[in-house]
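Report on the structure given below.
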């Protein structure tokens, strides 16, 4: 599953992610990150069964962890099931079912926003 | 065995008509044979739902109390062509808003009208004795208009090429966003469910053929613009009453980085009059071949990467150079199916009858490219052939001297064989001096990835590269990276920033 971790000005002062990995022994994949001296966020991918242990180890003042669900909002009224998003998303969030209706697997999303920008019908948005 | 159009219409009237969609037809022909299928089936319905830029509508507003001969006109700030009598216009789907750019255009005005939303009309005129008024601003809806007649100059391509990008940077095209290094493929059209592949010789489709257009019962006007049947790219000009249309089948869209377009839902019923027509409607996606074209090359005759069938494109993955590349349709197959199904329903319910074309469509026509009478200017004609260079081992101070001597801002860095390895600009030199780094060598401060041009490239392409990279000059090299000259933005004048005014 994907975890959205945000840091406030206290949270960015220490090596919280590294400490949590060492303390929990859980390997994580950093999908995206933007951190500077004031604040920051990072999107981490962890195995479902190890997520609880890792989140526990990450508890620290200035650090907020949110499990990312439904990252992509799919407006069914606007969408015409053209499928342009399918091949521009390198994370394979989008696919067709047997009836050529668009399916969205938000679990895979890394919030790059490319689908939002290039959807011809403006039917996609991201929930951060 | 033959069937007449009257036989089929009689079946529609007495409720015994047999209609199938083009998707169902191949299996029926396999099972019953061609003559069996002709006996069993009366009509095959087709459908497509895709971006059709070449679309628009004629609107008539009626005369206001103080009459006006509208000469310039905007609908929700989208300009419509008003040079058709006093209170008429043609609104093109791809025309973009003067205030909202590519987010809103003619297609959006059309969708808003069909959805029943009100639209603001603003028009100007010089004022005449019979039409004294000089301006008008008014809100209106579709029901206020006398006529709103969609006329699409070019719809329903018989076949369209698929797109990929072999270049090293992403391109934003009317075929969607194409990732660099051929990492995705886009295609358009419903394949064997599309109208024209089911009548590739135009034996039944012609002027006057009744069709489904945007939800309305519409008509084929005749051949579409750029119709090129002998090359396999036939098109249709179509028309229908916007007042009968639905936003289920007409949708405005924006191809980001390209512009506004309109998704049009369109379907043609094919009456099965003889065995030849039956054979054509048995077409499968496996039979329909198109080309994957490199949209990374911005010229008319783009290189073909490979041939591909619609069956391969629709499978979701196509192989290029041994790699599996994912595909995206730009058109909606789900909607295309809905349209073929809806058309089938209307015929079965007796609400839609068949008609023979009043005039056939030319089957020999081939589209011509534009014969440009002006000469396409090449980079070699506009570049400056005298230039100064420097090697990577020389000092920053020497580079400064060389720039002054050459009276230039750009200094190509070359190796011992005169090949380009980098570039330094006056900015780089100033930066080095400001940081007290003038004793460094040129290779330590130069930019290694240099934006270049080839001498035989059209100068318009080089000008666009200057703009996209926001730089003042391109180094002109041959294919072995030997420096031939410099192309400076200030020598290109109007080519940069504006269209070339002669």
| For all pairs of alpha-carbon atoms in the range A:72-126, what percent lies in each bin of width 5 Å, listed from the first bin to the last filled one? | 4, 23, 36, 27, 8, 1
| remark: In degrees rounded to 10, the 0-90 angle between helix B:25-40 Cα long axis and the longest Cα principal axis of chain B is 40 degrees
| said: Using only Cα atoms and rounding to the nearest 10 degrees, what angle (0 to 90) does helix B:459-469 make with the longest principal axis of chain B? | reply: 80 degrees
| To the nearest whole percent, what portion of all C-alpha pairs in the range B:213-271 is separated by more than 16 angstrom? | 57 percent
| Taking the Cα atoms of the range B:143-281, what is the range of coordinates along each of the three principal axes, in descending order and whole Å? | 50, 47, 23
| field | Shielding score for B:320-332, defined as the mean number of other chain Cβ atoms within 10 Å | value | 4
| field | Whole-percent pair-distance distribution, where bins are 10 Å wide, for the alpha carbons of the range B:248-343 | value | 12, 30, 38, 18, 2
| request: With a Förster radius of 22 Å, plug the Cβ-Cβ distance of residue B:357 and residue B:18 into 1/(1 + (r/R0)^6) and report the FRET value to the nearest 0.05. | output: 0.50
| query | Hey, what's the per residue convex hull volume over the C-alpha atoms of the range B:62-145, in cubic angstrom? | reply | 81 Å³
| query | Roughly how tilted is helix A:48-58, in degrees to the nearest 10 and between 0 and 90, from the longest Cα axis of chain A? | reply | 40 degrees
| If you count, for each residue, the other Cβ atoms within 10 Å and average over each peptide, how do A:92-99, B:412-419 line up from highest to lowest? | B:412-419, A:92-99
| task | Would you mind putting B:302-312, B:360-370, B:85-95 in packing order, based on average other-beta-carbon counts within 10 Å, highest first? | result | B:85-95, B:302-312, B:360-370
| task | Measure out, as a whole number of angstrom, how far apart the alpha-carbon centroids of the range A:67-128 and the range B:368-443 sit. | result | 45 Å
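Convert 4 °C to kelvin, take the viscosity as 1.567 mPa s, use the Kirkwood radius over C-alpha pairs of the protein assembly as shown as Rh, and evaluate the Stokes-Einstein diffusion coefficient in µm²/s, rounded to a whole number.
45 µm²/s
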| task | Per residue of A:118-126, count partner chain C-beta atoms within 10 Å of its C-beta, then hand back the mean as an integer. | result | 4
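Among B:273, A:126, B:411, which comes first, then next, by fewest other beta-carbon atoms within 10 Å?
So the residues, fewest neighbours to most, are A:126, B:273, B:411.
Give me the mean projected area, in nm² to one decimal, of the convex hull enclosing the Cα positions of the range B:36-102.
Over all viewing directions, the range B:36-102 projects a mean Cα-hull area of 8.1 nm².
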| For the range B:379-495: span of alpha carbons on each principal axis (Å, largest first) | 41, 30, 23
| note | From fewest to most C-beta neighbours within 10 Å, the residues A:87, B:54, B:443 line up as B:443, B:54, A:87
| field | Alpha carbon convex hull of the range B:325-424, projected area averaged over orientations, nm² | value | 16.8 nm²
| field | Rounded Å value of the spacing that divides the Cα centres of the range B:463-493 and the range B:284-318 | value | 33 Å
| field | Relative counts (whole %) of C-alpha pair distances in chain B, using bins that are 20 Å wide | value | 19, 41, 28, 11, 1
| note | the range A:2-67: spread of alpha-carbon positions along the three principal axes, whole Å, largest first, is 32, 20, 16
| said: Among B:469-479, A:43-53, how do they line up by average Cβ neighbours within 10 Å per residue, starting with the highest? | reply: B:469-479, A:43-53
| field | Length-normalised contact order for chain B - Cα pairs under 8 Å, 6+ apart - percent | value | 16 percent
| Roughly how many Å is it from the Cα centre of the range A:10-57 to that of the range B:202-279, as a whole number? | 55 Å
| note | Listing A:59, A:2 by rising number of other beta-carbon atoms within 10 angstrom, fewest first, gives A:59, A:2
| Rg/Rh for chain A: what does it come to with C-alpha atoms and Rh from Kirkwood? | 1.05
| In units of 2.2 N^0.38 Å, what is the alpha-carbon radius of gyration of the range B:10-169? | 1.52
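Using helices alone, what [θ] at 222 nm do you get for chain B, with -39,500 (n - 2.57) per DSSP H run of 4 or more residues, divided over all residues and rounded to the nearest 500?
The helix-only estimate for chain B comes to -6000 deg cm²/dmol at 222 nm.
Each value in this text was obtained by applying a stated rule to the coordinates, not by laboratory testing. Quick caveat: nothing in here was measured; it's all calculated off a predicted structure. Methodologically, a virtual Cβ is constructed for each residue, glycine included, from the backbone with ideal geometry; neighbour enumeration extends over all protein chains shown.
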